[in-house]
Amino acid sequence: MMRSSMVREIEILPRRLGGFLAVPKAAMGVVVFVHGSGSSRFSPRNTSVSHALNRAGLATLLFDLLLPEEAEDRQNVFDIPLLVGRVEESLDWIQAEEAVAHLPVGLFGASTGAAAALMAAARQPDQVSAVVSRGGRPDLAGEALAGVKAPTLLIVGGRDELVIELNRAALTKLRCEKRLDIVPGASHLFEEPGTLDAVVSLASAWFRQFFKKD
């Protein structure tokens, strides 16, 4: 079912991190994108997924985890604790934002962002209702995996063999409700026809399932 949503540009204080908030009518929850290395709120892939989630009745928050000058230092892109802090800032912002403060929150992580999403979920169990990782590196969350309470879905491309093994290892360390889904024929970035659609279908169903329980 198609749902219209209002998209507006926002800033997450105190660092004034730029973002886009989209809230469809009767949204079931809000999904925060925790993107990977080299990505931003302007990513065509993230934007496409965000719009698809909006059509499924989910609000979305796309925001830049790093300021422009911070992104120039490649070390920051892989600084998981730094990224976790930015995710927590977004969670605080949501709690103070009237349009979405009443909604359950999900985290949608990709690449290194998946580790940051899982670590933030472990640190903020009362704020995060569900987590989805797309082609992520949940293994980088380390010992924090055992502390994740939110139901977690790991999605990996069938051709992404190394990442499949890393996700399988991470799955054994998660103590929450969990699942690993492998999308046949997909590589790491899910660029093959139909594979990103499969990700959207799996992710939206996961978020909707566990948002209903809140």
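All of the numbers you see were taken from the coordinates with simple rules; none came from a lab. The structure displayed is predicted, hence computed values, not measured ones. All Cβ positions, even for glycine, are placed from backbone atoms using ideal geometry, and neighbour counts span all protein chains on display.
A few comments on the model shown:
- With 10 Å bins from 0: P(r) over region 99-144, alpha-carbon pairs, percent: 32, 50, 16, 2
- According to the calculation over all Cα-Cα pairs in region 28-164, the P(r) per 10 Å bin from zero is 13, 46, 35, 6, 0 %.
- Karplus 3J(HN,Hα) series, Hz, for region 112-127 with 6.51 cos²θ - 1.76 cosθ + 1.60 (x for Gly, Pro): 5, x, 5, 5, 4, 4, 5, 5, 5, 5, 5, 7, 10, x, 7, 9
- Two-site FRET efficiency, A169 against D197, from Cβ-Cβ distance with R₀ of 45 Å, rounded to 0.05: 0.95
- Neighbour-count ranking [beta-carbon atoms within 10 angstrom, fewest first] of V200, V183: V200, V183
- Per-residue ³J(HN,Hα) for region 65-74, Karplus 6.51 cos²θ - 1.76 cosθ + 1.60, θ = phi - 60°, Hz, x for Gly and Pro: 6, 10, 6, x, 5, 6, 5, 5, 8, 4
- Available extension along the chain between R8 and A99 is 31.6 nm, counting 0.36 nm per residue and deducting the alpha carbon span.
- As a proxy for reagent exposure, H102, H188 were ordered by neighbouring Cβ count within 10 angstrom, fewest first; the result is H102, H188.
- Exceeding the 26 Å Cα-Cα cut-off - candidates K149/K212; K25/K212; K25/K178: K25/K178
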